[in-house]
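The values are calculated or read from the model by the stated rules, or taken from the named source; none is laboratory data. The model shown is predicted, which means the values in this text are computed figures rather than measured ones. Heads up, the Cβs are rebuilt from the backbone with ideal geometry, glycines too, and the neighbour counts pull from every protein chain shown.
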Amino acid sequence: MRKKIPGLIGLAPKTNCVYYLEMTQSAANVDPAHTPNSLLWTINFEEAARAVGAGNLEALNALLIDAGKHLAAGGADFLVLTSNTSHSAVQALEAETALPVLDIRSVMAQELQRRHVQRVGILSTSLTQSAGLYEEVFPAAGFSIEYPDRATAAHIDQVIFNELVKGITDGDASAVLKRAAAQLRDRGAQAILLACTDMTIVADQLNDADIIDTTTLHARAAGEFIFAKDAAVKAPSLPSSKAPTRGS
């Protein structure tokens, strides 16, 4: 059986490490005797952070497409974006590289379906929220969405860019995320997505059963996808049920 080669487009260093470790361990669960081949292209983080901070998806997508082309030239069979916000570039990446992207939103939709969740709270960067990245997928897949209020979202941005992307785990991030999660539960959220992959480094401090770490699940899915049996490289399909749109 030919193993597919994942091409990871990386941003924050600690998050990149989590992706590689979780993906490799997931692959080892399928084939313990062999470590899979993989490729990683890291983007200049300062450039990406400036684009995200300015809400400039066009500039961010240009960086991602350039990375995708390098990975395609290097022999990748599918792409893995190690950032939720980076999924703004999924369609452009697939068009420019002719490679499928293992979409984090698809993986999360499958997890929410497994948990029988209908209303989900999302903790993310403000840009992920304003770009409507999860609205592109979740309502059609059967889930309504709750986000924190603007003040809380601003605090989340602060701890992401001042702490988490720098690998700081003993600052204010866990307290801010706990308060935000409580706010979303009060609005009826049945599960809380840590929809910024850099939140993974404090996920163990948020030990509630309804917290879903998008990073580890996405990375593990990549490890499993290396061994997908279909002849063509094909990302998993989304659930097809309908649901209400974003909650109030």
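Observations on the structure shown:
- Checked against (1) farther than 20 Å from Ala203 by Cα; (2) in contact with a Cys (Cβ under 6 Å, 6 or more places away or on another chain), Ile160 passes all but a single condition, namely (1).
Here is a yes/no grid of residues against (1) of a type in the set (Phe, Trp, Tyr); (2) at pLDDT 95 or above; (3) in a helix (DSSP H, G or I):
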{"position": "Tyr19", "(1), (2), (3)": "yes, yes, yes"}
{"position": "Ala27", "(1), (2), (3)": "no, no, yes"}
{"position": "Trp41", "(1), (2), (3)": "yes, yes, no"}
{"position": "Ala51", "(1), (2), (3)": "no, no, yes"}
{"position": "Ala59", "(1), (2), (3)": "no, no, yes"}
{"position": "Ile65", "(1), (2), (3)": "no, yes, yes"}
{"position": "Glu96", "(1), (2), (3)": "no, yes, yes"}
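- Count - residues of the range 115-160 that are among the β-branched types (Val, Ile, Thr) and within 13 Å of Cys196 (Cα to Cα): 6
- All strands (runs of 3 or more DSSP E) inside the range 109-215 with 3 or more residues being of a type outside the set (Asp, Glu): 119-123, 191-194
- Checklist (1) assigned to a helix (DSSP H, G or I); (2) touching a helix residue (DSSP H, G or I) at 6+ places or on another chain (Cβ under 7 Å); (3) modelled with pLDDT of 90 or more applied to Ile9, failing item: (1)
- Test: Arg179 is modelled with pLDDT of 95 or more and among the basic types (Lys, Arg): yes
- Yes/no for Val137 being modelled with pLDDT of 95 or more and within 17 Å of the chain's Cα centre (by Cα): no
- Top-ranked residue in the range 19-65 [being acidic (Asp, Glu) and without any contact (Cβ under 8 Å) to a residue 12 or more places away in the chain; ranked as nearest to Glu96 (Cα to Cα)]: Glu58
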